[in-house]
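Reviewing the structure listed below.
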Amino acid sequence: MKLVSYKTDGYEHLGIYYKGHIYNLNSCDKQIPDNMRDFLAGEAPLMKRAADVHQQLEQGKLYKEEVFYELIAPVPHPTSCRDGYAFRQHVATARRNRKVDMIAEFDQFPIFYFTNHNAIVGPGDVKLMPDHFKRLDFELEIAVVIGKKGRNITAAEADDYIAGFTIMNDLSARTLQMEEMKLNLGPAKGKDFATVIGPWLVTPDELAPFLSTTKQGHTGKSYDLQMTCKVNGKQVSAGNAKDMDWTFAEIIERCAYGADILPGDVIGSGTVGTGCFLELNGTGQLNDPDYPVQWLQPMDQVELEITGLGSLQNVMVLDKDAGGFSLLALKKNV
């Protein structure tokens, strides 16, 4: 089942995507709220009602489909947004490119950081400030959305707390990010402006055909999902979700230790190997000093695609209404 959030006449709604069409879930079943946040808060009973609507569509029941709509982030107002660091290849390569040793602690426990849950963006244009285009980067990731409240959850039971999966592009302004992280705090302004998710929320049952063997010594489900990124139609990145060294179950276990996780929490995997220009540029320059580095530019079209989760497409747009205001220009004693 694929769940979507969308707008008509400026109002947000909750829908189900089926065979190329969107159906408003509240119109199909008045017991289902007309927004994703309240729907997820209803946990399993409401998910069951939505599954019943999906089954009715499969059986040929006719519901009125939406015709004019704007697709937005499937979870447009998350209760929180965390991002993990689950792919060893990405971490090891990025550190090698910076000529620093791999961190031994990476293999001891999964980590994550909180990012701005009020800066969630869906498909379409992403409006950015001029400083964001100072080494603007994509990050190819997969994310889960929590579907029921929990606390002190073990990895063995954590997969049952996942409502669904979606594609994530953790956009990064590398100049802002790198200057603030010299102070051993962050990432903050390099990350808090836009995190893209979409195009829909795919329930775990749809990914059952892609289940993969979990890496030895780890707990939780793993999925064989090909992940790619194209910029202006040219593929620049390829990886696979099965290469996660930490499972989502293990990440959730750490998130929920002594803290509540809530329906609507978004948790990203972290960047897949080769999944950003920072890593690709570093590897290129390591092998060839004349390697032409690449960063995202205004009007670049970015498409992330993951098996079973669809295609997330965005255009990077300079926000001209902001008047060219620069945060970098405010630095003191330069």
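The values are calculated or read from the model by the stated rules, or taken from the named source; none is laboratory data. Worth saying up front: this structure is predicted, and the values here are computed from it rather than measured. Quick reminder, even Gly has a Cβ in these numbers, built from the backbone with ideal geometry, and neighbours come from all protein chains shown.
Worth pointing out:
- Qualifying residue in region 308-318 (condition: modelled with pLDDT of 95 or more, in a helix (DSSP H, G or I) and out of contact with any helix residue (DSSP H, G or I) (no Cβ under 6 Å at 6 or more places or on another chain)): no
- Where a residue in region 16-28 is without any contact (Cβ under 8 Å) to a residue 40 or more places away in the chain and its partner, wherever it lies, is surrounded by fewer than 20 Cβ atoms within 10 Å (Cβ to Cβ) and of a type in the set (K, R), with Cβ under 8 Å and at least six apart: S27/K64
- Number of positions in region 101-148 that are closer than 26 Å to T307 by Cα, among the acidic types (D, E) and outside any loop (DSSP other than H, G, I, E, B): 3
- Looking only at region 158-177, and only at residues there that are surrounded by fewer than 20 Cβ atoms within 10 Å (Cβ to Cβ) and either in contact with a strand residue (DSSP E or B) (Cβ under 6 Å, 6 or more places away or on another chain) or in contact (Cβ under 8 Å) with a residue 24 or more places away in the chain (or both), the one that is nearest to L46 (Cα to Cα): D159
- Members of region 176-205 found to be of a type outside the set (A, V, I, L, M, F, W, C), in a helix (DSSP H, G or I) and under 23 Å from K332 (Cβ atoms), listed by number: Q177, E179, E180
- Selection status of D83, at pLDDT 95 or above, among the acidic types (D, E) and assigned to a helix (DSSP H, G or I): no
- Out of G233, G273, G239, sole residue that is modelled with pLDDT of 95 or more and buried (at least 22 other Cβ atoms within 10 Å of the Cβ): G239
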